[in-house]
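Here, each number is a calculation from the coordinates, and none is a lab measurement. These numbers come from a predicted model, not from an experiment. All Cβ positions, glycine included, derive from the backbone under ideal geometry; neighbour counts span all protein chains shown.
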Amino acid sequence: MKPRPAHTQPAPLLAKPKGLRSSDSAASPAPLSTKNSVVKAPSLSKRIVEYHISVSLDSETKTLHGKQTVTWENPGVIPVKEIYLHLYPNAFESDKTTFNEESGGKLRGDKKTAQSIGSMKLLSVMTEHGDDLTPLTEFIRPDDGNINDRTLMKIRLLKEVNPGQKVTLHMDFKVELPQVYARMGFANDFVMAGQWFPKVAVYEPKGVRERKEEGWNLHQYHGNSEFYADFGIYDVLIKVPNGYTVAATGFPTTPPVEDKTGKNYHFYADDVHDFAWAASPSFLYYEEKFSAPGVPGVKIKLYLDPAHKELKSRYFQAAKKALTRYSEWYGDYPYSTLSIVVPPAKGNGAGGMEYPTLITAWAATSAAPGLELERVVVHEIGHQWWYGMAASNEFEEAWLDEGFTSYAEDKVMEHEY
């Protein structure tokens, strides 16, 4: 995440066969089974979790309605009796949440408004055998005991998950999006869906980050930290109103289809530890294919606010320079896509943020921005290595990804600009 101008864990991405990109392992797959599906091509990570999500956007109420099937594999050596979920949108429920108390209701100069109220409701949790686990859920607050914070949930399981075994859960959920000031939310008809689904916490085996005993890494959503999750597979269906364009982690398996109920997208990503998407009826979409040593055939996709229509070449050039240098210095870029989202001026709170294969630039607040345009793009692409592939713990070691990325960003800017 780029600061405003005056900013051992899950196993890092495994070394890959030369020239193999993550999405090549499942090029244009058919919709995956929601039950322990297996991608047979070589994987670049351990793929501890597998998500199958269907979500629809109500553009009038700024609400997401979702169904999720998640399969989690126990990576440890002892049985697990419960599973934990991050419900990040609940950080915006009130002024008394841990996030808002610590941040003062602002992030990098953007401040919450009366419309910056958001929430996530987990409507139901079922096992694959039809057992209802909803009554076995409870919110926990391991960091500060704040009873007004509901960003971390425990689910007691009816049956232990033995080492190497998997558990599959089906969930219904609803998200009320806040007016954006801190990464996720809406600005008029622009939507940034980051940390928008119930996300399984990380279970760390003994020895990970010098851990003495294996167990869950559990933290609430804090004002000065970000996120931590396992690598996995994401198979996501997104329905938006007709006329909207969607940018997302990974790649579309088929072209979007419009019908009388809306516009339907299907995205797939593997060997990533998060999934984000953005939507707007105003996006101007451009794409360019790019190859360089260590960058085998990446499609750079630009979702541009109309205010920056004349600046599109600057975004593409910054992305190409960043990909070239980072791949030269730190290893191949293993994915076949990179999406750049430029939020509208009022969506500034969503800008300057990294997600797997997707970044947000600064919002289009100026018609003639200086080199800060390039600097932010370069910085966020750097996070594809330092956060993305390295998979550091942004809860406890936030300095790692920001420190390495800021160094790498300065190095690129010095070489290229």
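What's the Kirkwood radius of the range 132-240 in Å, using all Cα pairs?
Taking the inverse mean of 1/r over all distinct Cα pairs, the range 132-240 comes out at 16.8 Å.
Going toward the positive end of the dipole of the chain, with +1 on Lys and Arg Cβ and -1 on Asp and Glu Cβ, which of W277, I83, S124 do you reach last?
W277
Over the Cα atoms of the chain, Rg to Rh with Kirkwood Rh, two decimal places?
That ratio equals 0.93.
What are the trypsin sites (Lys or Arg not before Pro) within the range 230-280 that DSSP puts in a loop, where the Cβ has at most 14 other Cβ atoms within 10 Å?
K260
Taking K159 as the anchor, which lysines have their alpha carbon closer than 19 Å to its alpha carbon, excluding any fewer than eight residues away along the same chain?
K35, K81
When we measure straight from the Cα of K174, which lysines land under 20 angstrom away, once same-chain ones fewer than 8 places off are left out?
Qualifying lysines at Cα under 20 Å: K62, K67, K121, K154, K199, K239, K263.
Compute, for the range 199-328, the length of the dipole vector about the Cα centre, with Cβ point charges of +1 (Lys, Arg) and -1 (Asp, Glu) only. Units Debye, rounded to 20.
In debye, rounded to 20, the range 199-328 gives about 460.
For V202, which sequence-distant residues (separation of 5 or more, or a different chain) have an amide H within less than 5 Å of its own amide H, given hydrogens modelled in the peptide plane?
Residues meeting the criterion, in which the H sits 1.01 Å from N, are N217.
Which value, in debye to the nearest 20, gives the size of the charge dipole of the range 60-210 about its Cα centre, when Lys and Arg are +1 and Asp and Glu are -1 at the Cβ?
Roughly 180 debye for the range 60-210.
Which of G349, G331, I300 sits closest to the plus end of the dipole of the range 292-417, meaning its Cα is farthest towards the positive end, when Lys and Arg get +1 and Asp and Glu get -1 on the C-beta?
Positive-end residue among those listed: I300.
Taking neighbour counts of Cβ atoms within 10 Å as a proxy for exposure, in what order, fewest first, do S392, S59, S291 appear?
The fewest-first ordering by Cβ neighbours comes to S291, S59, S392.
With an 8 Å cut-off on Cα pairs and a minimum separation of 6 or more residues, tell me the relative contact order of the range 129-230 in percent.
The value is 21 percent.
Just for the chain, what percent of DSSP beta bridges are antiparallel, to the closest 5?
For the chain, the DSSP antiparallel bridge percentage is about 85.
Treating only the Cβ of Lys, Arg, Asp and Glu as charged (+1, +1, -1, -1), what charge dipole size does the chain show about its Cα centre? Round to the nearest 20 debye.
640 debye
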